[in-house]
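The values are calculated or read from the model by the stated rules, or taken from the named source; none is laboratory data. None of the values given here were measured: they were computed from a predicted structure. Every residue, glycine as well, gets a Cβ built from its backbone with ideal geometry; the counts of neighbours run over all protein chains shown. In case anyone asks, the SASA skips ligands and DNA or RNA and just uses the protein heavy atoms, side chains included. Shrake-Rupley method; radii C 1.70, N 1.55, O 1.52, S 1.80 Å.
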Amino acid sequence: MIRFILNEQEVATDLPPGTLVLDYIRYHKHLMGTKIGCREGDCGACTVLVGELMDQKLRYRSATSCLMAIGNAHNKHIVTIEGVNMEALNPVQQALSDEGGTQCGFCTPGFVVSMAGFCLSDKKPTSANAIAAINGNICRCTGYKSIERAAGKVAELMQQRNDEQPVDFVANKTILPAYFRIIRQRLLKLATQQNGALQPSQSPAKFLGGGTDLYVQQHETMVHSDIHFLFDRADMKGIYREGNKCFLGASATVTDLIESPIFHDHFPEIFRFIKLVSSTPIRNIATIAGNFINASPIGDLTIFFLALDAQLILSNGDSQREIALRYLYKGYKQLDKTPEEFIVKIWFELPGKNFLFNFEKVCKRTHLDIASVNSAIGLTTENNVIINASIAAGGVGPVPMYLTKTSDFLSNKNISDQTIEQAIEIAQTEISPISDARGSEEYKRLLLGQLIKAHFVELFSATKNKS
């Protein structure tokens, strides 16, 4: 039996755990404010908030309910637009009304829920952060400027919070309903009842993390599949350091990566890179390991970690083995793993002080889009010499590619225009792009060359500016 709190009410269901939260909300609980739009996580009309206890603290993040299994709602607080309504318009809704931020109204519940999530977060109360909270919501009517002004007003409201806990502040200031004050206690009680974590099947047909890839590709299949849920396994959470190694639990999300002090220390540009990847509600539930296992030739996080020469720890439930991420891919959507195996942890060597890293991506939109070609590079340099290099590229072959020959060539080379041009020539011999909807073979070859140049321009112009 799956149990969670839906707005103010504790609910329980014996529906298949692969049932989508969106369908449960609308068709079983008849809460129609959460809209059905794209069913692919793109439009944000189905946005909900997910509250859960993390180290005994209550944390809320937005999520697209069209890609979230109710099995992943177990023991959590799911908030729909109905759950933030009050007798009159709440201040978020009032700001949208005052600024003319709604026309047809179909998208409005998603915007309100996302802004409510910003109010419940510990993000700095800036207009930029408020606008970032709604980057997964699409509106076809307003042109966005009125919505951005409303987001700015909401940020102003939150500037009075100071050190008060977000949940207490929004309840005390009647920004959101008062019942939010007691959700932490209710979740603690729920967790201690005899419902525990969902028990996996003895012979699972599908492993499921966040579901953001699987539900797009296999929606009907997933709803009725026998599922082994991995997202909430305690041994697969967290990002931590042991010696000179950084470990990520396989269920660590893209948002966990952005918020990790370890990544901020070693990759100061991490937010700029991740801003190119998906949207906030997707990042909140998409797991790093899920991006690897999806095996898309243009998986952004896969390319990122290939350039770090990441290693994977796989388990079949009884034993574990280790494999380099670069050797996981045998062919298009073909992996060097058995059906019983799943990723438990990911690790890579933390870079030294002379390490430089960059991620580049070309797509039809600047942000939040699927890549035509993407690339990442890691360089250790000294006195204008590349001591060692690792470069990865996506969209230029049937699998995410670690460019071995190009990486080897760059090692122990002086940084010069000639070196870059030679590296591009070698890279062209390693790739095998095809013409498809994202571009012709010739275009993708040109893009990779341009991205390799962009790596060096970005890294070494930045170095000069610092000196």
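How do the pairs read when you match residues in segment 1-25 that are without any contact (Cβ under 8 Å) to a residue 24 or more places away in the chain with residues anywhere that are assigned to a loop (DSSP other than H, G, I, E, B) and open to solvent by 10 Å² or more (accessible area, probe 1.4 Å), using Cβ under 6 Å and keeping only pairs 6 or more apart or on different chains?
Short answer, once both residue conditions are applied: 12/1; 14/1.
Within segment 144-182, count every residue that is open to solvent by less than 20 Å² (accessible area, probe 1.4 Å) and more than 22 Å from residue 6 (Cβ to Cβ).
Going through segment 144-182 one residue at a time, the tally reaches 9.
So which pairs qualify, if the first residue must be in segment 288-304 and surrounded by 23 or more Cβ atoms within 10 Å (Cβ to Cβ), the second must be of a type in the set (Ser, Thr, Tyr) and part of a helix (DSSP H, G or I), the Cβ gap must be under 8 Å, and the two must be at least 6 apart or on different chains?
Taking only residues 6 or more apart or on different chains, the pairs are 291/302; 292/302.
Tally time: how many residues in segment 388-423 are under 15 Å from residue 309 (Cα atoms), in contact with a helix residue (DSSP H, G or I) (Cβ under 6 Å, 6 or more places away or on another chain) and free of Cβ contacts under 8 Å to residues at least 60 places away in the same chain?
4
Here is a check on your reading of the model: is residue 10 open to solvent by 30 Å² or more (accessible area, probe 1.4 Å), charged (D, E, K, R) and part of a helix (DSSP H, G or I)?
So residue 10 does not fit the description; no.
Would you mind listing the helices (runs of 4 or more DSSP H) fully within segment 125-235 where at least 2 residues are more than 24 Å from the chain's Cα centre (by Cα)?
Here the list reads 145-158, 166-172, 183-192.
Just one of 314, 257 is modelled with pLDDT of 95 or more, in contact with a helix residue (DSSP H, G or I) (Cβ under 7 Å, 6 or more places away or on another chain) and open to solvent by less than 20 Å² (accessible area, probe 1.4 Å); which is it?
Selected residue: 257, the only one of 314, 257 that is modelled with pLDDT of 95 or more, in contact with a helix residue (DSSP H, G or I) (Cβ under 7 Å, 6 or more places away or on another chain) and open to solvent by less than 20 Å² (accessible area, probe 1.4 Å).
Do you know which of the residues in segment 254-276 that are without any contact (Cβ under 8 Å) to a residue 40 or more places away in the chain and not in a helix (DSSP H, G or I) is farthest from residue 438 (Cα to Cα)?
So the residue we want is 260.
Looking only at segment 360-394, count every residue that is open to solvent by less than 10 Å² (accessible area, probe 1.4 Å) and β-branched (Val, Ile, Thr) and tell me the total.
So the count comes out to 4.
In segment 401-433, which residues are within 33 Å of the chain's Cα centre (by Cα), surrounded by fewer than 18 Cβ atoms within 10 Å (Cβ to Cβ) and in a loop (DSSP other than H, G, I, E, B)?
Across segment 401-433, the qualifying residues are 411, 432.
Restricting attention to segment 68-89, which residues are open to solvent by less than 20 Å² (accessible area, probe 1.4 Å), within 27 Å of residue 220 (Cα to Cα) and outside any helix (DSSP H, G or I)?
Once the filter is applied, which keeps residues that are open to solvent by less than 20 Å² (accessible area, probe 1.4 Å), within 27 Å of residue 220 (Cα to Cα) and outside any helix (DSSP H, G or I), segment 68-89 yields 68, 69, 74, 76, 77, 78, 79, 80.
Please enumerate the residues belonging to segment 25-46 that are surrounded by 17 or more Cβ atoms within 10 Å (Cβ to Cβ), not in a loop (DSSP other than H, G, I, E, B) and not basic (Lys, Arg).
Once the filter is applied, which keeps residues that are surrounded by 17 or more Cβ atoms within 10 Å (Cβ to Cβ), not in a loop (DSSP other than H, G, I, E, B) and not basic (Lys, Arg), segment 25-46 yields only 25.
Among the candidates 58, 22, 96, 49, which residue alone is in a strand (DSSP E or B) and either open to solvent by less than 10 Å² (accessible area, probe 1.4 Å) or of a type in the set (Asp, Glu) (or both)?
Exactly one residue qualifies, and that residue is 49.
Step by step: first the residues of segment 196-251, then only those that are of a type in the set (Ser, Thr, Tyr) and crowded, with 18+ Cβ neighbours inside 10 Å, then the one that is modelled with the lowest pLDDT. Which residue is that? Talk me through it step by step, then tell me what you get.
Narrowing segment 196-251 to residues of a type in the set (Ser, Thr, Tyr): 201, 203, 212, 215, 221, 225, 240, 251.
If we keep only those that are crowded, with 18+ Cβ neighbours inside 10 Å too, we end up with 212, 215, 225, 251.
Details: 212: 95, 215: 95, 225: 90, 251: 96.
Going through the qualifying residues, I end up with 225.
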